[in-house]
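**Student:** Before I ask anything, here is the structure I am working with.
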Amino acid sequence: MTETPHIVENLMAEVSPPPHGILSLTIHDGDGLRLVLFGFATGEELSEHTAARPAVVHVLTGDADVTVGELRRSLGPGAWIHMPASTSHSIRATSPLTIALYLLGPTARSAGVDANGGASPA
C-alpha cells in the first residue's frame with residue numbers, strides 16, 4: 001500500500017496539556033513511523049516502562065523530569081531523546097507539558113504489537 005504525504009503545519013497546535021491527566025493523539029501511523037503527541041497536566045507521569053520499537057521523544061512545551069536507562073535529567077522545550085528498543089524510561093511533568101513521541105521501525109499493525117509500541121505508552 002502506498003502512503004500519501006502528510007503535512008502538519010503546526011504540530012504544537014494539535015494538542016494542549018489538559019487541566020488533569022494525560023491526553024494522547026496519534027498524528028501518523030504508517031511507513032515505519034508512528035507519531036503520537038502527548039499532553040500532561042503538571043505532576044502527571046508515565047511510570048517506568050519500555051517500548052518494543054526504537055523511539056524518539058521531543059519536548060515541545062513545558063518541563064519534565066525524565067529517566068532513560070540510568071540517566072536522569074530535567075528537560076524543557078527543545079530537548080530530544082533517542083532510545084533504542086527495550087530501553088526503560090519514565091517521564092513526569094513538572095509543568096504543563098507537551099511531547100512528540102516518534103516510534104520508529106515497522107508499524108504497530110505490521111509488527112503485531114499493541115498500538116503504543118509495546119506493553120505501555122513510550
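Derivation of every value follows stated rules applied to the coordinates shown; laboratory data play no part. These numbers were taken from a predicted model, which means no experiment stands behind them. Backbone-built Cβ (ideal geometry, glycine too); neighbour counts: all protein chains shown.
**Student:** Answer with one residue from HIS20, PRO84, GLY39: the one whose Cα lies farthest towards the positive end of the charge dipole of region 12-105, charges on Cβ with Lys, Arg +1 and Asp, Glu -1.
**Tutor:** The residue sitting most towards the positive pole is PRO84.
**Student:** With springs only between Cα atoms under 10 Å, which of LEU23, LEU104, LEU11 fluctuates most in a Gaussian network model of the chain?
**Tutor:** LEU11
**Student:** Place the peptides 50-57, 24-31 in order of packing, highest mean first, counting for every residue the other Cβ atoms within 10 Å and averaging per peptide.
**Tutor:** 50-57, 24-31
**Student:** Which option, [x] 14.5; [y] 17.9; [z] 15.9, is the value of Kirkwood radius over Cα pairs in Å that was calculated from these coordinates?
**Tutor:** [x]
**Student:** What is the Cα centroid distance between region 53-112 and region 18-44, reported in whole angstrom?
**Tutor:** Rounded to whole Å, the Cα centres lie 11 Å apart.
**Student:** Explain nothing, just the number: relative contact order of region 12-105, from Cα pairs under 8 Å at least 6 residues apart, as a whole percent.
**Tutor:** 37
**Student:** Right, next: Taking the chain as a Gaussian network, where each spring joins two C-alpha atoms under 10 Å apart, which residue of GLY62, GLY21, GLY105 fluctuates the most?
**Tutor:** Highest fluctuation of the listed residues: GLY21.
**Student:** Under a 10 Å cutoff between Cα atoms, tell me which one of GLU44, GLU70, GLU14 has the largest fluctuation in the Gaussian network model of the chain.
**Tutor:** Of GLU44, GLU70, GLU14, the Gaussian network model singles out GLU70 as fluctuating most.
**Student:** Starting with the fewest neighbours, write out ARG72, ARG34 ranked by other beta-carbon atoms found within 10 Å of each beta-carbon.
**Tutor:** In increasing order of surrounding Cβ atoms, one gets ARG72, ARG34.
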